[in-house]
Each structure stands twice: as C-alpha cells, then as structure tokens.
Amino acid sequence: MTDLLEFTHQTLAQRVLFGSGLAAANVAAEVDRLGADSVMVISGGHDNDFASRVAHQIKAVLLYEDVAAHVPIEKAEKARAAASEHGVDLLVCIGGGSAIGLAKAVALSSHVPIVAVPTTFAGSEATNVWGITEASRKTTGVDDRVLPVTVIYDAELTLSLPRELSIASGLNALAHCVDSLWAPRANPINAALASEGIRALSGGLLALNTNSASLRGREQTQYGAYLSAVAFASAGSGMHHKICHVLGGAYDLPHAQTHATVLPYVLAFNAPYAPEASSRISNALGASDAVDGLNQLRKRLHAPRALRDYGLKKADLPEAADLILSVIPHSNPRTVTRQDLLILLHAAWNGTEF
Ligand code: NAD
C-alpha cells in the first residue's frame, strides 16, 4: 500500500509577470489594475535610479530605502509608521530578500498588499513566510497576508548582481528545491516543481557563470528561483533550512553564501536514505549520482566552500549543533544525532569532503 498517493497540497494565489526589460511597465500596469492611490516603493538600495524612475512614473507617495538584512524590528517599526503616516494602500518592493522582507513586515501589521520586484534569486517573493529580528533573534511566521499579490520578474535587474553573489543566490534557490524533497510537507507536486527548478537553475547558473551578462542565463535562473520558492513555500523547511536558519540567526552569517556552502553536506548526509529524491536530483542535473552531480556543478561555478570564510568560529560549532538538533524535522529521511551534526558542521566549516 505504500506506493499509493496520499497528500495535501496548497497552491498560493499569486500573479506572476515575467519579462526582461518590462519591470517598469509591468509595475505601472499592476498599480492601475489594483486601483492603488498611495504607493510606497521600498528599494533595496542597489539600484536607486530604477526605483526612483518607477516611483516617479507611478506617482508614489513615498520612496523608502532604509532596508537592512534580516529586518531588524526597529527598521520594521519605522517603515510601518511611514506607511501609516502616508496612508499607503500598496507596497512595491524592489530588491532582494531583505527589501521584500521589510515590505512583508509592513504588510503583516497593515494588511496592505505587496507587489514584489525581486533582484536576487532568494525567492522570498513567492512565499507567505515573514521574518523579523529582535535582540539578535529572528522570529519567522507564516501569514498569507505577506504573500505578494504580484511578482514581477525582470532579469535585467539582476545584471548588477556580481557573479559571486549571483552564484551564491542561485544555489540558495537550488537548496529550496533539494530540501523541499524531504521537508515536512513534501509531496509529488512540490517534487515536480523542484525537479524542474534544479534543471533550470543548473543550466542558468552555468550560463551566467560563463558570461555574467547573459540575460538568457539570468532568466533561466529567475525562472528556477521562482519554482524553487513555490516548492519551498509548500513543503516547508527541511534539515538544510533549519541548519541555515540557526547559523544565519545566531552567528550573523550571510544568507545566500551560507545556503550555498551547507547544501552539499546535507545532500551527502541524506542522499543514501532518500533514493527517490536522489534520483530526481541526479536526473535534473544530468548526472549519474546526485551528490557527485552537485559537487561537479559547484566546482564549475566556483561556489562558496567553507563556513569559516564567512565569519563562523570553530568554537561556535558545539553550540550550533545543539541548537540545530532541537529543530530537525521528523520528516528527515535519516535520523540525526548531535555527533552527526558535529561532523557535518566541522566539514562545512572547513570546506572539506564529507
Ligand atoms: P539581500 O536582499 O540582503 O541582498 C544581498 C545584497 O545584495 C544587499 O547588499 C543588496 O543591496 C544587494 N543586491 C540585491 N540585489 C542586487 C542587484 N540586483 N544588484 C546588486 N546588488 C544587489 O539578500 P537575499 O539573499 O536576496 O535575501 C536574504 C534575506 O531574505 C534573508 O534575510 C532571508 O532570511 C530572507 N529570505 C526570506 C525568505 C522567505 O520566504 N521569507 C526566502 C528567502 C530569503
């Protein structure tokens, strides 16, 4: 009976507009369609010209650029006050996960809808997950009101993302795909999205690695990043995301690079116990083995290698193992002990084979 299907799947309601060079026109069209009068544009700050142009074009009441990583509560409260003061009825956020995260914090308390224009491959735009940091502790939650009503993808906006950060961010998306194959709400629909996501991301990242200006490579990476985020939003956080959440939150490590570094270790740990997931991953990568396929891809991409390069101290590893052990999901295909985590973390810290 175990080969019969039984699962629950929830599809989140969202409009997606895709097209290189079309973001400004698509934002204006969405503002019209939604009948918004008082728009607040939140910009991640890397491309103020574009955000200013959009704000001017749609006659925004506010262009807001006070964005910081991990959405500190003080920044969230300030942005909420500004939105309320201006009677904002639509949030347009342009930037990576940090800018989208700030818009989500405003939406969480005000219920104002969001139009998201992502400029990295992190995928926050397609999830109903919010996160706010207070006293160095990041709290996350799920609320459909923070799910952007519309996502506008424009690969031209990612051209300014440096090659190294593009690769790390794309591997962050690839981690959403891999982890969604064994996360608590893993199901065949997420698995199908994840498989296509891995295929698109690996091809897109190889193309942009060869030529950072490759619009085709960046489009493929954005397309894969969207699929990865939809799969992740539905499947929830698996072992990989729990590890990265602890490392990012407790030791202030950079988000994309942490995901990119940890992924091969979690895959190597789980793969022998997850034959169906492994076969999907290897097929999507065009490799005969999932772990080897990912390692080959990472080599070609010159992917981030070691957590020690991002400020994690060796002395932090025992505490990190304790924190992670308490949040490993029951759905993980392999039982996880503290000793397992210590070995995995030491290898990821050193960048050594596992
Ligand atoms: P980020 O938004 O912090 O961006 C990283 C850096 O790149 C910043 O300095 C930013 O200004 C710059 N940048 C962004 N786009 C650029 C571009 N096109 N050109 C040049 N520079 C650019 O990083 P991120 O990885 O996109 O997002 C990380 C944050 O998002 C974390 O806080 C993470 O927890 C959150 N996140 C949330 C979800 C969710 O579902 N809620 C999903 C993924 C990530």
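Near Leu12, no amide H atom lies under 5 Å from its own; only residues 5 or more places off or on other chains count, and H is placed 1.01 Å from N.
Here is the P(r) of the chain: all C-alpha pair distances, binned every 10 Å from 0, give 6, 26, 34, 24, 9, 1, 0 in whole percents. Using the Karplus relation 6.51 cos²θ - 1.76 cosθ + 1.60 with θ = phi - 60°, the per-residue 3J(HN,Hα) values for segment 137-146 come to 10, 8, 9, 10, x, 10, 7, 4, 5, 8 Hz, with x marking Gly and Pro. Shown in residue order for segment 13-19 are the 3J(HN,Hα) couplings computed by the Karplus curve 6.51 cos²θ - 1.76 cosθ + 1.60 at θ = phi - 60°: 7, 7, 9, 10, 10, 10, x Hz (x for Gly and Pro).
Full extension from His9 to Thr337: what is 0.36 nm times the residue separation minus their Cα-Cα distance, to one decimal in nm? It would help to have the intermediate numbers written out before the result.
Details: separation 328, 0.36 × 328 = 118.08 nm, distance 3.02 nm.
Extra length available between His9 and Thr337 comes to 115.1 nm.
Annotation: per residue accessible area for segment 1-160 equals 46 Å², rounded to a whole number [probe 1.4 Å, protein chains only].
Listed peptides 18-24, 165-171, 310-316 appear in the order 165-171, 18-24, 310-316 once ranked by packing, highest mean of other Cβ atoms within 10 Å at the front. The H on the amide N of Ser20, modeled in the peptide plane, is under 5 Å from the matching H of Ala155, each at least 5 residues off or on a different chain. In this structure the amide hydrogen of Gly95, modeled in the peptide plane, comes within under 5 Å of the amide hydrogens of Gly44, Val117, Thr119, none closer than 5 places in sequence on its chain.
Each of the peptides 135-142, 287-294, 149-156 was scored by the mean count of other Cβ atoms within 10 Å over its residues; in descending order, highest first, they stand as 149-156, 287-294, 135-142.
Taking the Cβ-Cβ separation of Ala25 and Asn211 as r and a Förster radius of 25 Å, what is the calculated FRET efficiency to the nearest 0.05?
On the way: r = 26 Å, r/R0 = 1.05.
It comes to 0.40.
With each run of n ≥ 4 DSSP H residues scored as -39500 (n - 2.57), what mean residue ellipticity at 222 nm is computed for the chain after dividing by its residue count and rounding to the nearest 500 deg cm²/dmol? Mind showing how you got there, number by number?
Numbers: 13 runs with 184 residues, N = 354.
The helix contribution divided over the chain gives -17000 deg cm²/dmol.
For the chain, give the percent of accessible area contributed by carbon and sulfur heavy atoms, probe 1.4 Å, rounded to a whole number.
Carbon with sulfur: 51 percent of the solvent-accessible area.
With both labels modelled 7 Å from their Cα along Cα-to-Cβ, the Arg33 to Thr139 distance reads 3.4 nm. Can you figure out the FRET efficiency of Lys299 with Ala68, using R₀ = 25 Å and their beta-carbon distance, to the nearest 0.05? Step by step, r from the Cβ atoms, then E = 0.15.
The values are calculated or read from the model by the stated rules, or taken from the named source; none is laboratory data. As the structure is a computational prediction, the values presented were derived from the model and not from experiment. Cβ coordinates were reconstructed from backbone atoms using ideal geometry, including for glycine residues, and neighbour counts include every protein chain displayed. These accessible areas exclude ligands, DNA and RNA; they are computed on the full protein's heavy atoms, side chains included. Shrake-Rupley method; radii C 1.70, N 1.55, O 1.52, S 1.80 Å.
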